[in-house]
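Trainee: Got a structure here, written out as structure tokens. Questions coming.
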Amino acid sequence: MRTTGWRSYLVYGCAILLCQPLAACGTAENSAPSTKDGVVAKAAPAIPANAPLIITFGDSLYAGYQLGPKEGLAPQLQAALIRDGVVARVQSAGVSGDTTAAGRQRLTYVLDNAKATPALLLLGLGGNDMLRGIGPDQTRANLDAMLAELKKREIPVLLTGMVAAPNLGGDYAAKFNPIYPELAAQYDASFYPFILDNVVGKKELMLGDNIHPNAEGVKVVVAGLAPLVEDALPDNQ
């Protein structure tokens, strides 16, 4: 299990506190495409149609909030896997503004309509629950239900964690923060304790809201996630 420094948690919690009056973790309405297209890269090698499918299922941190089409989590993870010689197809199922309740409602639809049974699903929800002050018991119940559904379908999971903002108080944090490690252990899921580890507190890696990563920040997130993704894929176990 990967460990994360408490300083990262504290910095992100303070950033959330300062930005909490803003829309929670972005919404579909205020998302905007990036104008930073950069230099045109070489065409990526073709991925076989029968390549293992990886679905990234989460909120705006997964959806590529205010980023270009190649700058979000799914496309950057796809590129990282290609560089490592891992043949897999990464599909984004991130929706800005999603709570765990919204994710729970749409999970079955996403799975039933996927072109293949996912070889791995990355699950990252709960940040919007925390920003809206939704009870941790509800967050836990929704994540538990999603993990149970994935277990029933025998789909491996990589769970990415979140941290409570300090203004919500110690009691809230004491209930919210343990949700992720406890559920990861319960369902034997791969676990990345804090989705923005090594990104928060670094202006050069964050958008102006200090909540969402920019393209370079996503690159750091992917660098932390890619080894876990590669280890979690069934053929690599």
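Any read-out appearing in this document is the output of simple, stated calculations on the displayed coordinates, not a laboratory observation. Bear in mind the structure is a predicted one, so any value in this text is a computation, not a measurement. Ideal geometry is used to build each Cβ from the backbone, glycine not excepted, and the neighbour counts take in all protein chains shown.
Trainee: How many nm is it between the label spots at residue 82 and residue 175, if each spot is 7 Å from the Cα in line with the beta carbon?
Mentor: 4.6 nm
Trainee: Count charges around residue 146 for me, please; just the other residues with Cβ under 12 Å from its Cβ, Lys/Arg as +1, Asp/Glu as -1.
Mentor: +3
Trainee: Considering amide H positions built from the backbone, and no H for Pro or chain starts, which residues 5 or more places from residue 126, or on another chain, come under 5 Å of its amide H?
Mentor: Counting only residues 5 or more places away or on other chains, the set is 100.
Trainee: Moving to a separate point now. Can you give the alpha-carbon Rg of segment 138-191 over 2.2 N^0.38 Å, where N counts its residues?
Mentor: Dividing the Cα radius of gyration by 2.2 N^0.38 Å gives 1.20.
Trainee: Can you pull the three principal axis extents for the Cα set of segment 52-168, in Å, largest first?
Mentor: 43, 33, 21
Trainee: Please state, as a whole number in µm²/s, the translational diffusion coefficient that the Stokes-Einstein equation yields for segment 132-237 at 25 °C and 0.890 mPa s, with Rh defined as the Kirkwood radius across alpha carbon pairs. Each step should come with its number before you reach the end.
Mentor: Working: Rh = 15.2 Å.
D, rounded to a whole number, is 161 µm²/s.
Trainee: List the residues, sorted by chain then number, that are 5 or more residues from residue 206 or on another chain and whose placed amide H is less than 5 Å from its amide H.
Mentor: Under 5 Å from the amide H of residue 206 lie the amide H atoms of 214, each far enough along the sequence or on another chain.
Trainee: A further question follows. What trypsin sites (Lys or Arg not before Pro) does segment 92-184 have in DSSP loop regions with at most 14 other beta carbons within 10 Å?
Mentor: Counting only loop positions with at most 14 other Cβ atoms within 10 Å, the trypsin sites (Lys or Arg not before Pro) in segment 92-184 are 115, 132, 153.
Trainee: Jot down the per residue volume, in cubic angstrom and as a whole number, of the convex hull over the alpha-carbon atoms of segment 79-142.
Mentor: With only Cα atoms used, segment 79-142 gives 107 Å³ per residue.
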